[in-house]
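First the structure, in the form of structure tokens, and then the observations on it.
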Amino acid sequence: METEPRLIASPDHAVVWHQDRLYLLDQRHLPARTDFLALESAAATAEAIRAMVVRGAPAIGIAAAYGVVLAARARYAEQGAGWRTAIEADLAQLAAARPTAINLFWALERMGQRIATLDEGDPEPALLAEARAIHDEDRAGNRRMGELGAELIETPTEVITHCNAGALATGGYGTALGVVRAGFAVGRIRHVYADETRPWMQGTRLTAWELAESDIPVTLQADHAAASLMATGCIGWVIVGSDRIAANGDVANKIGTYGLAVLARYHGVRFMVAAPTSTIDLAVASGAEIPIEERDPDEVLACGGTRLGPAGVNARNPVFDVTPAALVDAIVTEKGVVMAPTREKIAALMAA
Ligand code: MRU
């Protein structure tokens, strides 16, 4: 019999299906509060993704997949055989929640394909099995990426990470932080510097909490402290996740990643992106085509809920940027590693 994960607040429980309901560890409140939000509809799931109760590309996709299960339950109860048409509106609502992370659209596409195969009758068991499979595969893929990424680190070193690409951002274990976990376990990573990641503070609030919970030594730094740290020579690698990788290997990730990659190249620090193949979007030729989400300027104008910017002054708040493939030393996926990514190498990986 399948056992359900229990509602215990931990980085590995960002998304939990428990007793027929979807629970999200509310990342807006971490680490001060560890509460779960219970969701019973696709609309509530879409709003939770938009509001960043759950965030991080793979975790958004997994939450949306469970959101489709909730939608199917409601539409089947309301409409019987008409559920298949009615659920289209729910899929569209989930897809509109955030624009950059391709994993959201990838998961919805996969759930849509499963819907297309279903016969008459209650769709919930089959769709729940598909959502659980997406979740389980993500966790397993992260373990594999951890091993592959850690193998690239030849000499024990210290690393910088940006944003949160950890268990909290995935089905568990993490992508970039999966590499950190695996690298720390075998002695190749000695210490992690986590950028605070203005303006939403994923580094301060999430990565620092997640690594501290795992007893991995972590030091926070202001985003703009990375250059002087690299100049000391103690950093061997920058390790980050991604929200979408274009067909040519350009990498969209949290705003500030591009700057880190430029700094890394100047200082001879290597730059690793860890992301599942569900993050690779062969439909976009280059990073220029990746939609970059702009969020509320108030996120920049305020800090910790206190407005700091003067009245009447606006702020720009693009929350992702694109790192050109030429600045990336390695893309680590569950299917294998691409060194110095090019369009041809990415195509070969995806075809394998
Ligand atoms: O705005 P967020 O917090 O959803 O942004 C998350 C990131 O940029 C992560 O680095 C990315 O999604 C990879 S998560 C494994």
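The values are calculated or read from the model by the stated rules, or taken from the named source; none is laboratory data. Being a predicted model, the structure only gives us computed values, none of them experimental. All Cβ positions, glycine included, derive from the backbone under ideal geometry; neighbour counts span all protein chains shown. Note: areas computed on protein heavy atoms with side chains; ligands, DNA, RNA excluded. Shrake-Rupley method; radii C 1.70, N 1.55, O 1.52, S 1.80 Å.
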Just for the stretch 278-298: of the residues that are touching a Pro at 6+ places or on another chain (Cβ under 7 Å) and open to solvent by 40 Å² or more (accessible area, probe 1.4 Å), which one is farthest from Asn253 (Cα to Cα)? Glu294
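Just checking, which of Ser278, Ser286 is more than 16 Å from the ligand (Cβ to nearest atom) and out of contact with any Cys (no Cβ under 9 Å at 6 or more places or on another chain)?
On the way: Ser278 fails: more than 16 Å from the ligand (Cβ to nearest atom).
From the options Ser278, Ser286, the qualifying one is Ser286.
Scan the stretch 148-167 for residues that are away from the ligand (no atom under 16 Å from the Cβ) and either outside any helix (DSSP H, G or I) or charged (D, E, K, R) (or both) and jot them down. Walk me through it before giving the result.
Residues of the stretch 148-167 that are away from the ligand (no atom under 16 Å from the Cβ), as a first pass: 150-158.
Correct list: Glu151, Ile153, Glu154, Thr155, Pro156, Thr157, Glu158.
From the set of residues in the stretch 68-115 that are free of Cβ contacts under 8 Å to residues at least 60 places away in the same chain and within 16 Å of the ligand (Cβ to nearest atom), which is nearest to Val15 (Cα to Cα)?
Keep residues of the stretch 68-115 that are free of Cβ contacts under 8 Å to residues at least 60 places away in the same chain, which gives 70-97, 104-105, 108-115.
In the following step, the residues that additionally are within 16 Å of the ligand (Cβ to nearest atom) were identified as 94-97, 104-105.
Working: Leu94: 16, Ala95: 18, Ala96: 20, Ala97: 17, Leu104: 14, Phe105: 18 Å.
Only one residue tops the list, namely Leu104.
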Count of residues meeting criterion [in contact with a helix residue (DSSP H, G or I) (Cβ under 6 Å, 6 or more places away or on another chain) and small (Gly, Ala, Ser)] in the stretch 31-42: 2
Tell me, which residue of the stretch 116-142 that is farther than 15 Å from Ala63 by Cβ and within 14 Å of the ligand (Cβ to nearest atom) is surrounded by the fewest Cβ atoms within 10 Å (Cβ to Cβ)? Gly141
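Quick check on this structure: which one of Ile153, Ile134, Ile115 is under 15 Å from the mean Cα position of the chain (by Cα) and among the aliphatic types (A, V, I, L, M)?
Details: Ile153 fails: under 15 Å from the mean Cα position of the chain (by Cα); Ile115 fails: under 15 Å from the mean Cα position of the chain (by Cα).
Answer to the selection: Ile134.
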Scan the stretch 50-89 for residues that are in contact with a Gly (Cβ under 8 Å, 6 or more places away or on another chain) and over 15 Å from Pro123 (Cα atoms) and jot them down. Gly56, Ala57, Pro58, Ala59, Ile62
Can you tell me which residue is farthest from Lys254 (Cα to Cα) among those in the stretch 98-112 that are open to solvent by 10 Å² or more (accessible area, probe 1.4 Å) and in contact with a helix residue (DSSP H, G or I) (Cβ under 9 Å, 6 or more places away or on another chain)? Gly112
Could you figure out which of (1) of a type in the set (A, V, I, L, M); (2) open to solvent by 70 Å² or more (accessible area, probe 1.4 Å); (3) within 13 Å of the ligand (Cβ to nearest atom) isn't true of Ile8? (3)
When the stretch 173-191 is examined, which residues are found to be under 22 Å from the mean Cα position of the chain (by Cα) and on the phi > 0 side of the Ramachandran plot? Tyr173, Gly174
Within the stretch 144-167, residues open to solvent by 10 Å² or more (accessible area, probe 1.4 Å) and not hydrophobic (A, V, I, L, M, F, W, C) come out as Arg144, Glu147, Glu151, Glu154, Thr155, Pro156, Thr157, Glu158
The number of residues in the stretch 335-349 that are surrounded by fewer than 21 Cβ atoms within 10 Å (Cβ to Cβ) and touching a helix residue (DSSP H, G or I) at 6+ places or on another chain (Cβ under 9 Å) is 8
Residues satisfying the stated conditions in the stretch 57-88, i.e. farther than 30 Å from Gly174 by Cβ and open to solvent by less than 10 Å² (accessible area, probe 1.4 Å): Trp83, Ile87
